[in-house]
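Structure record follows, encoded as structure tokens.
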Amino acid sequence: MYSVVNFNINGYHYKFPVIYGTCYDKAINISKLRESTGFITFDPGFKNTGMTKSSISFIDGEKGELLYRGYPIEQIIKKCSFIETSYLILNGELPDTAQLKSFSERIKKFNHLHKEMNQILDHIPNFYHPMGILSSLTYILDAFIDCLQEEDMYIHLLAKLPMLAALTYRKKVGGPPTHPDHHLDYISNLLKMFFSVPNQSYEHNPIIADALNKLLILHADHEQNCSTTTVRLLGSAHAGLFSSISAGMTALWGRLHGGANQAVIEMLEDILKSGGNIKKWIEKAKNKKDPFRLMGFGHRIYKNFDPRAKIAKQVAENVIQELGISDPILELAKNLEENALRDSYFIEKKLYPNIDFYSGIIYQAIGIPKDMFTVMFALGRLPGWMAHWKEMKLNRDPIGRPRQIYIGYKKRNIKK
Ligand code: ACO
């Protein structure tokens, strides 16, 4: 273990401290680099930049390991509900029975929306993408919530985001507004708000509830990804929680991030429509002159299998089998994965399927339309975003403000 790293710049020696995380990741602390040497670092996409210390989740990209507050994702999936996972991520420890009861009851207590929220939704055009609607509604929600305690804001969001998602879905399909059912658990209530039909009794399907519970857990946190970094950056400027989360949603919507789940299904449908020639599409993804990428493949951190993708593949297979669906898209996905994983381009670049490769297949099987996939991802990621916002405040992280290398005109005069 080194405690310092020596830099030799133009014959001058500088020592910079090294910091270590609990799971052996290490960083050179260059926070005094410019002050001592005049240099800054250049790291487009922040591929080598640690922006904070965090204790929420840990990824070992080489081993394909993901921990939430120290617990492996494989154990959490088997033993916890999404609400227990949310509690764990937000508070650092799993809840005991009394804590879980009180947490769930507080969520139910805040399970209502001001009628103005419905009126605002009525004025948003139907064709607008559900992620744009969800992010706008989350932003404006702030106007209707007056929290005495900061902790209440987290509960309001956990309670209200599923309602906003369900309203967005029902607006899209032309269904009447929906109301929560306080007798149900979080996931069953969410599904009922989406799919119940007036004057018909709602049939609860445990297979669907279990698949959704697992998917939301898989999405719950993933350290400093693009949307979480967005949330932390906004928070670092002391923007409020709702606007920070709304901005995080907008980042998640991007097709290289959470929007990939929609893009994967669209890609698989295109492949099927064009005759299912997998090899042709793999060649297309490898062609540097073609902007096409194999959606759902590759990850900034995982250079081995994404453990979430392994679980999602299993969930997709189970849910399709148990619901008795025959889905050519799942067969195509498995075929595409096998072919890509045998291809030297994907092997050399360490490109494996990520969570989004299989999540869309599950959403589709449980009846969620394509343009709502990323909305479901946002419902899952909510506890992670909130925990990072909270941690950023507790850490007193400084305002996020990178530098640049200016390559524009030198100083010049206006000639007139
Ligand atoms: N298909 C084909 N080639 C790819 C792919 C892909 N899906 N992903 C990366 N590559 C290639 C790149 O072209 C690049 O090649 P080069 O070194 O010859 O230039 C190399 O692999 C490294 O790719 P980068 O884009 O530099 O890797 P980065 O870490 O910046 O990007 C990302 C990661 C954005 C996820 C990328 O792999 C990608 O675009 N994947 C497809 C979109 C996707 O599935 N996104 C979801 C990610 S998971 C999530 O956000 C929840």
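For the range 188-274, list the helices (runs of 4 or more DSSP H) that sit wholly inside it and hold at least 2 residues that are away from the ligand (no atom under 16 Å from the Cβ) and of a type in the set (Ser, Thr, Tyr); which are they? Break it down stepwise before answering.
Values: elements: 206-219, 226-236, 241-253, 260-273.
Helices (runs of 4 or more DSSP H) meeting the threshold: 241-253.
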Test: SER81 is modelled with pLDDT of 95 or more and open to solvent by less than 20 Å² (accessible area, probe 1.4 Å): no
In the set TYR302, TYR363, TYR358, TYR352, the lone residue that is within 15 Å of the ligand (Cβ to nearest atom), open to solvent by 50 Å² or more (accessible area, probe 1.4 Å), of a type in the set (Phe, Trp, Tyr) and within 30 Å of SER246 (Cα to Cα) is TYR352
Looking at TYR128, TYR139, which is the one that is open to solvent by 60 Å² or more (accessible area, probe 1.4 Å), at pLDDT 95 or above and within 16 Å of GLY248 (Cβ to Cβ)? TYR139
For residues that are touching a Leu at 6+ places or on another chain (Cβ under 8 Å) and modelled with pLDDT under 95, scanning just the range 168-188, find the one that is farthest from HIS112 (Cα to Cα). LYS171
Consider LYS214 against the criteria (1) at pLDDT 95 or above; (2) open to solvent by 10 Å² or more (accessible area, probe 1.4 Å); (3) farther than 24 Å from SER102 by Cα: it satisfies all of them except one. Which criterion is unmet? (3)
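Take the conditions away from the ligand (no atom under 16 Å from the Cβ), open to solvent by 60 Å² or more (accessible area, probe 1.4 Å) and under 22 Å from PHE346 (Cα atoms) and apply them to GLU331. Does it pass?
Values: away from the ligand (no atom under 16 Å from the Cβ): yes; open to solvent by 60 Å² or more (accessible area, probe 1.4 Å): yes; under 22 Å from PHE346 (Cα atoms): yes.
Spelling it out, GLU331 is indeed away from the ligand (no atom under 16 Å from the Cβ), open to solvent by 60 Å² or more (accessible area, probe 1.4 Å) and under 22 Å from PHE346 (Cα atoms).
Quick grid of which residues meet (1) part of a helix (DSSP H, G or I); (2) open to solvent by less than 40 Å² (accessible area, probe 1.4 Å):
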position: ILE59; (1), (2): no, yes
position: ILE76; (1), (2): yes, yes
position: TYR87; (1), (2): yes, yes
position: GLN99; (1), (2): yes, no
position: PHE103; (1), (2): yes, yes
position: ARG106; (1), (2): yes, no
position: ASN111; (1), (2): no, yes
position: SER135; (1), (2): yes, yes
position: ALA143; (1), (2): yes, no
Of the conditions (1) over 21 Å from LEU382 (Cα atoms); (2) modelled with pLDDT under 95; (3) part of a helix (DSSP H, G or I), GLU151 clears all except one; give me its number. (1)
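With respect to ASN118, determine if the residue is assigned to a helix (DSSP H, G or I), at pLDDT below 95 and more than 24 Å from the chain's Cα centre (by Cα).
Details: assigned to a helix (DSSP H, G or I): yes; at pLDDT below 95: yes; more than 24 Å from the chain's Cα centre (by Cα): yes.
Yes: the conditions hold for ASN118.
The values are calculated or read from the model by the stated rules, or taken from the named source; none is laboratory data. The structure presented is a predicted model; accordingly, all values stated were derived computationally and were not measured. Here the Cβ is made from the backbone with ideal geometry for all residues, glycine too, and neighbour counts use every protein chain on show. The area values use the complete protein model at the heavy-atom level, side chains included, leaving out ligands, DNA and RNA. Shrake-Rupley method; radii C 1.70, N 1.55, O 1.52, S 1.80 Å.
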